[in-house]
1. For THR122, THR154, THR202, THR39, give me the order by solvent-accessible area with a 1.4 Å probe, most accessible first, ignoring ligands, DNA and RNA.
2. Ignoring everything except DSSP H segments at least 4 long, calculate the 222 nm mean residue ellipticity for the chain; use -39,500 (n - 2.57) per segment, divide by total residues, nearest 500.
3. Which three extents, in angstrom, do the Cα atoms of segment 4-71 have along their principal axes, listed largest first?
4. Angle, helix 74-83 long axis vs. longest principal axis of the chain, Cα atoms, 0 to 90°, nearest 10?
5. In nanometres, what is the gap between the two model label sites at MET104 and LYS26, each 7 Å from Cα along Cα-to-Cβ?
6. Can you give the FRET efficiency for VAL123 and GLU183, using 1/(1 + (r/R0)^6), R0 = 30 Å, r = Cβ-Cβ distance, to the nearest 0.05?
7. Put +1 on the Cβ of each Lys and Arg and -1 on the Cβ of each Asp and Glu in segment 144-214; which of ILE175, PHE213, PRO198 then has its Cα farthest toward the positive end of the dipole?
8. Of the accessible area of segment 131-170, with the probe set at 1.4 angstrom, what percent is carbon plus sulfur?
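The values are calculated or read from the model by the stated rules, or taken from the named source; none is laboratory data. Remember, it's a predicted structure, so these values are computed and weren't measured experimentally. Note: ideal-geometry Cβ built from the backbone for every residue, glycine included; neighbour counts use all protein chains shown. Ligands, DNA and RNA are stripped out before the accessible areas are found, and what is left, the full protein with its side chains, is counted by its heavy atoms. Shrake-Rupley method; radii C 1.70, N 1.55, O 1.52, S 1.80 Å.
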Amino acid sequence: MKKIAVFGAGGFGREVHMIIDQINQKKIKHEFIGYFDDTYEPGEIINDFPVLGGVHELNQWSEPLEIVCAVGDPKDKKSIIENIKNENVSYPVLIHPTALIGNMKFNSIGEGSIITAGVVVTVNIALGKHVILNLACTIGHNTRIGDYGSFMPTVNISGDVVIEKGVYVGTGAQIINKLTIGENTIIGAGAVVAETLPPNCTAVGMPAKPVKFH
């Protein structure tokens, strides 16, 4: 049984702790020891578990430790991971017991990715590192998702979609088949994406259109 902690003590971090507990109910795999978060005071108690520090304290950790980064903003998530330099730290894949995952002979899931309750991942799917698929997302065939992507509850992605690194997709958005979403793009909640989107934009509406670039 490996020791595990969550980076991020906010609401999603507590949900990730719940996923760890529910995985352990099926088969004990993890010993949860607490949270890391630079915005909380070390020693603060979150749902009965301590905040153990931030990035600095994690970089001083002297024994093997699994870390799950429960931070929704792709840029913040990437920055945190890049600042963790400790070779004792590893990044497990967390898959909720109710998620439906196709044959892993034909799918791949990068380290540190989080797949929550009710998610469906079908066939020939490639997920990058530190991807979050939140509650009840569905991912259609032959879809590729880049590192650090975050997909909020009930996002629906049809088949043959390419989503580049660092994309954030809001709750309930839909992306139809055979499209490409550019790197670091933000898609608003409830949007219907019916055409390819460029990198570094925010797109909203039905159909989704870029409203600003960043």
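1. Output order, biggest surface exposure first: THR39, THR154, THR122, THR202.
2. -4500 deg cm²/dmol
3. If we take the Cα atoms of segment 4-71, the spans are 33, 26, 20 Å.
4. For 74-83 against the chain, the angle is about 40 degrees.
5. For the pair MET104/LYS26, the computed spacing is 1.0 nm.
6. Result of the calculation: an efficiency of 0.75.
7. PHE213
8. 53 percent
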